[in-house]
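Q: I am attaching a structure below and will ask some questions about it afterwards.
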Amino acid sequence: MIKLVRSKNNSHVTNAINKRNKIFESIDKLTVILPDYESFFLNYELKFLNLTTEEKKNFPNIGNEIRIELLELGYIKGSSKPTNIFVLTDLGRVVKSKGGHFKYLESLEPKKDWFKIIPIILSIVFGISMAIIGVLNYKLNRDKDKSSIEKEQLNKQIDSLREKIKILENKRGLN
């Protein structure tokens, strides 16, 4: 029977993630320094990334993978000849004008339209305020009704006590 054992060493996964991050960091830096309309040798431009010897050792063929990713993203297009000459596409120029790959991605995210959000928030706040005022007004009216009923009862009791006092005074005056 074969037993599968999960390795505690996930360095290959970490290395792949680091490689992917390094590729996109490089793309972010490259898109800013590439010429707008002139053709360029990508291998020459990759030298400006200043990759350390350790990065070159850990990520062999990173230049090729950067080229593939740039082509797949549509930032560059190659010449018809098998040379390593490329030119920025319209999308590549937009990315460059935004300040790099990551800033371009941020610009694609929808921005909050505060002119739509503020009235909604104000409507909710005023609605809750009106509901609270309505409840408090109802409670005050209910208390007012209770008070008026109690007042009437007290007035009746006072009237009945006055009647009894008059009756007692009349009986006393007769004596």
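Q: Being within 30 Å of L30 (Cβ to Cβ), surrounded by 10 or more Cβ atoms within 10 Å (Cβ to Cβ) and not acidic (D, E) narrows it down to one residue among G127, G134, G92; which is it?
A: Numbers: G127 fails: within 30 Å of L30 (Cβ to Cβ); G134 fails: within 30 Å of L30 (Cβ to Cβ).
Of the residues listed, the single one that is within 30 Å of L30 (Cβ to Cβ), surrounded by 10 or more Cβ atoms within 10 Å (Cβ to Cβ) and not acidic (D, E) is G92.
Q: For the condition small (G, A, S), at pLDDT 80 or above and closer than 20 Å to D36 by Cα, what is the one hit in G127, G74? Break it down stepwise before answering.
A: Values: G127 fails: closer than 20 Å to D36 by Cα.
Only one candidate passes the filter, namely G74.
Q: Do we find a residue being of a type in the set (D, E), under 58 Å from the mean Cα position of the chain (by Cα) and within 30 Å of L70 (Cβ to Cβ) anywhere in segment 103-126? Break it down into steps so the answer makes sense when it comes.
A: Kept after step one, since they are of a type in the set (D, E), are these residues of segment 103-126: 106, 109, 113.
Those still in the list that are under 58 Å from the mean Cα position of the chain (by Cα) too: 106, 109, 113.
Next cut, within 30 Å of L70 (Cβ to Cβ) only: 106, 109.
Yes, segment 103-126 contains a residue that is of a type in the set (D, E), under 58 Å from the mean Cα position of the chain (by Cα) and within 30 Å of L70 (Cβ to Cβ).
The values are calculated or read from the model by the stated rules, or taken from the named source; none is laboratory data. These figures come from a predicted structure and were not determined experimentally. FYI the Cβ positions are ideal-geometry reconstructions off the backbone, even for glycines, and counts take in every protein chain you see.
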